[in-house]
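What follows is a single structure, written as structure tokens, with notes after it.
The values are calculated or read from the model by the stated rules, or taken from the named source; none is laboratory data. What you see is a predicted model; the values in this text were computed from it and never measured. Don't worry about glycine lacking a Cβ; one is built from the backbone with ideal geometry, like all the others, and counts go over all protein chains shown. These area figures cover heavy atoms from the full protein model, side chains too; ligands, DNA and RNA do not enter into them. Shrake-Rupley method; radii C 1.70, N 1.55, O 1.52, S 1.80 Å.
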Amino acid sequence: MADKPELPLDPAGKRGVLAYLAVAAVVLLLMMLFGLAMRLAQSEWLGLEAVYFYQVMTAHGIGMVAIAALGTAAILWYFLARRVRLSTGILYANLALFLVGVVLVLAGIFIGGFAGAWTFLYPLPAKPMGIWPQWAAASYLLGVLIVGVGFLLFYLDCARAILGRYGSLGRALGWPQLFGGDASEPPPPVVIASTVVTFINLLSILAGAVILTLSLINVYVPGFTVDALLAKNLIYFFGHVFINSTIYMGVIAVYEILPRASGRPWKVSRPFLAGWSATLLMVLAVYPHHLLMDFVNPTWMHVLGQVLSYTSSLPVIAVTAVGTLANVHRSGLRWNLASGLLFLSVLGWATGVVPAVIDATIVVNKVMHNTMWVPGHFHTYLLLGVVAMILGFMAWLDEAAARGDSALDRAAFWVFAVGGFGFTALFLLSGRDSVPRRWAVHLPEWLPYDRVAACFAAAVVLAMLVFALRFLIGLKRMAAA
Amino acid sequence: MIHSLAWQVTVPLVLAFFAVFAWVALGAGDKADATAISQTSGRIRSWIFWVLVAVFLPIFGYTLRDLPYSVAAVAGGPPQVIKAIGHQWRWELSGTEVQVGKPVDFHITASDVNHGFGLYDPDLKLIAQAQAMPGYTNVLRHVFTRPGKYRVLCLEYCGLVHHGMLAEITASEAK
């Protein structure tokens, strides 16, 4: 089946994508400020009482997950809409529900005082020891649920459009070309990645909706209880799949934009197809690596968690990292902010995989789980991976509107890259030295790491300020282009 | 120690990624035949895939031999048993004295919300842990190898005084 030529992007759709990104620019900056506040508080350079620290921590966690999803959903929609007929109304409905959900989440946290961490680990929302009222927990849980409903609509629309165009999940993933000897051109990378994300996120959001609803009932009816181990499995299945899907949505920008800069199309090879199909299965089954220290979870799930964590690295390194390097290598590419950020994002993803895989080794997890090693690896592939993908996409839209890079842009790139890697390295060093994560107050032995990390965090925030302002100032020009 | 090993493995691998990406980035402005590069990258991809598979298999074989999830009977009598219950925000331990060289089974649970039982040695290094979950008991076996004051820290966020959940265990030589 030869792939159809690209569809035009309607102006309303483009405005919707820009609205997603404008929200992303503001929220990313705000959430980074929250992150900086936490590192400053742990450094004892900022007086932030524990009650407020944990509120900020909760907002930072849920805010970053949600905005990573929104920003990368904009990437998916922008490029997928050229291939299949997506609904612009659903694009806007998702944004509206997102904003309603955010208001409820923020009210629950900063008015009601909810501080149950973004993972809302059952039964903590209902058992705060009097620190927050029932309505605060309910507002938070309901807010997250509403954001989830928005994304559910978004992915249902993607599923409708992809199936309408390709007929089946297998054809959209290129299985006839992979398994059936079909010599025709397989679907383009954006369709393959979008199909994987759509499928896995429909499942993850449903699991999330179940545990959010059960937790909501538990807040008001304490006699209604849920098995704590089942709740944990549901939460981590939802959380793991949902946050991983942001990388898979973000990488669409790499597949689409870098080839335009290098002049070399991204080749959809059989290893590429195999890698994405394997990812679809592995990302759904790997989440037990979050529960390796829950000894009562079945042992086969622990083993599966470790083995699949290792094998999940194969598509990242052997397909996307190698593919990116081959696409750029001696291509005559002239670096600019967009291509630089997207290239950096693949480096961030690949390097973040290393400490993540090590941590998923059961014998290592026993002495590293819930230390700073964990935020060390996920900040590497989220900050230097996903956020760099979103920023690269923003910069590319700006460049498409005929804006060149300035010296300030180039400086912001290097400050972001050096600050980001320095910031994550300090997390990993702290993890090596057993500093626990999610502690409002640190022991004196840990302060030197916190203070150096706070300096790197400040650098990242400064760079983000430049990127956000650059994008927001150029919005009108981009909408008109 | 495993902590240092994790760091020592991570750093060179990350630096190797940096080196390859920097080399490609610096040479990106040159022009070369795309077909030849595509063929070479295909061979490199296959090579990386099989090298990683060859590295992963012995790692699985070695690290999955001895998992912490079940405790077998020990020679020389029953192990010491300490019940550890996590409450918001304190640890309730049925004992705080242990003998060096003798297995200790920690029976870990929680009365209210999830907590994390993190056992830290006198140098403040995390040496073992298990989750404390309401309705379940995780059995963590540990053999203390040197005398001293050990600390139990909470490693699962449990609310306002999460960072204040500390307890002490003293390990002494057998008399």
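Per residue of peptide A:41-53, the mean number of Cβ atoms on other chains within 10 Å of the residue Cβ is 1. Each residue, A:Tyr92 and A:Leu469, gets one label point 7 Å from its Cα in the Cβ direction; the gap between the two is 3.2 nm. Relative to the longest principal axis of the C-alpha atoms of chain B, give the angle of the C-alpha long axis of helix B:2-27, reported between 0 and 90° and rounded to the nearest 10°. Between the helix axis and the principal axis of chain B, the angle is about 20 degrees. Between the beta carbons of A:Thr213 and A:Val103, assuming R0 = 22 Å, the FRET efficiency works out to 0.65 to the nearest 0.05.
Beta bridges from DSSP with both residues in the protein assembly as shown: antiparallel share about 70 percent, rounded to the nearest 5.
Computed about its Cα centre, the charge dipole of the stretch A:8-123 is approximately 600 debye, with only Lys, Arg, Asp and Glu carrying charge at their Cβ. Per the Kirkwood formula on distinct C-alpha pairs, the Rh of the stretch A:44-88 is how many angstrom? One over the average 1/r among Cα pairs gives 13.2 Å for the stretch A:44-88. Report, to the nearest 10°, how far helix B:34-63 tilts away from the longest principal axis of the Cα atoms in chain B, using its own Cα long axis and a range of 0 to 90°. The answer is roughly 20 degrees. Computed over chain B, relative contact order equals 18 percent, with contacts defined as Cα pairs under 8 Å that lie 6+ residues apart. How would you classify the stretch B:2-63 from its alpha-carbon gyration tensor, with a ≥ b ≥ c the square roots of the eigenvalues: rounded for a/c under 1.5, else prolate if a/b is greater than b/c, otherwise oblate? Since a/c reaches 1.5 but b/c is at least a/b, the shape of the stretch B:2-63 is classed as oblate.
Peptides B:6-18, B:131-143 ranked from most to least packed give B:131-143, B:6-18, packing being the mean of other C-beta atoms within 10 angstrom over each peptide's residues.
Semi-axes of the protein assembly as shown's equivalent ellipsoid from the Cα gyration tensor, sqrt of 5 times each eigenvalue, largest first, rounded to whole Å? Please report the intermediate quantities before stating the final value.
Working: eigenvalues 338, 153, 118 Å².
The three semi-axes for the protein assembly as shown are 41, 28, 24 Å.
As a length-normalised measure over Cα pairs under 8 Å and 6 or more apart, the relative contact order of the stretch A:333-481 settles at 31 percent. Cross-link pairs exceeding 26 Å between alpha carbons, from the set A:Lys232/B:Lys149; A:Lys127/B:Lys149; A:Lys127/B:Lys102; B:Lys102/B:Lys149: A:Lys232/B:Lys149; A:Lys127/B:Lys149; A:Lys127/B:Lys102.
Protection proxy ranking for A:279-291, A:44-56, using the average of other Cβ atoms within 10 Å per residue and placing the highest first: A:279-291, A:44-56. Could you give the distance between the Cα centres of the stretch A:435-467 and the stretch A:170-222, to the whole Å? One Cα centre to the other: 35 Å. How many percent of Cα pairs in the stretch A:1-142 exceed 27 Å? Within the stretch A:1-142, distances greater than 27 Å cover 35 percent of Cα pairs.
Under 37 °C and 0.692 mPa s, how fast does the stretch B:80-172 diffuse according to Stokes-Einstein, given a Kirkwood radius computed over C-alpha pairs? Answer in µm²/s, whole number. This corresponds to a translational diffusion coefficient of 255 µm²/s. Summing +1 for each Lys or Arg and -1 for each Asp or Glu among the other residues whose beta-carbon sits under 9 angstrom from that of B:Ala130 gives 0. Under the convention that each Lys and Arg Cβ holds +1 and each Asp and Glu Cβ holds -1, the size of the dipole of the stretch B:80-172 around its Cα centre is about 200 debye.
Within chain B, DSSP assigns beta bridges of which about 70% are antiparallel (rounded to the nearest 5).
Stokes-Einstein diffusion of chain B at 10 °C, 1.306 mPa s viscosity, Kirkwood radius from Cα pairs, rounded to a whole number: 79 µm²/s.
Dipole orientation for the stretch A:330-416: of the candidates A:Leu382, A:Asn336, A:Thr361, A:Thr361 has the Cα lying most toward the positive pole (charges on Cβ; Lys, Arg +1; Asp, Glu -1). Legend: helices of chain A (whole DSSP H runs) are marked when their alpha-carbon atoms reach 15 angstrom or more along the helix axis and their mean Kyte-Doolittle hydropathy is at least 0.5; marked are A:11-42, A:50-80, A:88-106, A:134-166, A:189-220, A:228-262, A:270-285, A:299-314, A:337-359, A:388-400, A:407-432, A:447-473.
Per-residue packing, averaged as other Cβ atoms within 10 Å, sorts the ranges A:450-459, A:115-124, B:99-108 into the order A:115-124, A:450-459, B:99-108, beginning with the highest.
Summing charges over neighbours of A:Met293, with a neighbour being any other residue whose Cβ is under 12 Å away from its Cβ, gives -1 when K and R count +1 and D and E count -1. Interface B-A: total buried accessible area of about 7200 Å², 1.4 Å probe, protein heavy atoms only.
Beyond 27 Å, the tail of the calculated P(r) for the stretch A:322-477 holds 32 percent of the Cα pairs.
Every Cα-Cα pair in the stretch A:200-357 was counted, and those over 23 Å apart are 48% of them. Of all beta bridges that DSSP places with both ends in the stretch B:80-172, some 70 percent have antiparallel geometry. Structural descriptor for chain A: relative contact order 18 percent, calculated from alpha carbon pairs under 8 angstrom and at least 6 residues apart. Across the stretch A:339-361, the residues whose backbone nitrogen lies under 19 Å from the label position 7 Å along the beta-carbon direction of B:Leu67 are A:357-361.
Size of the dipole of chain A about the Cα centre, Lys and Arg at +1 and Asp and Glu at -1 on the beta carbon, nothing else charged, in debye to 20?
900
For the stretch B:1-50 and the stretch B:71-121, write down the distance between their C-alpha centroids in whole Å. Spelled out, the Cα-based centre of one part sits 45 Å from the other.
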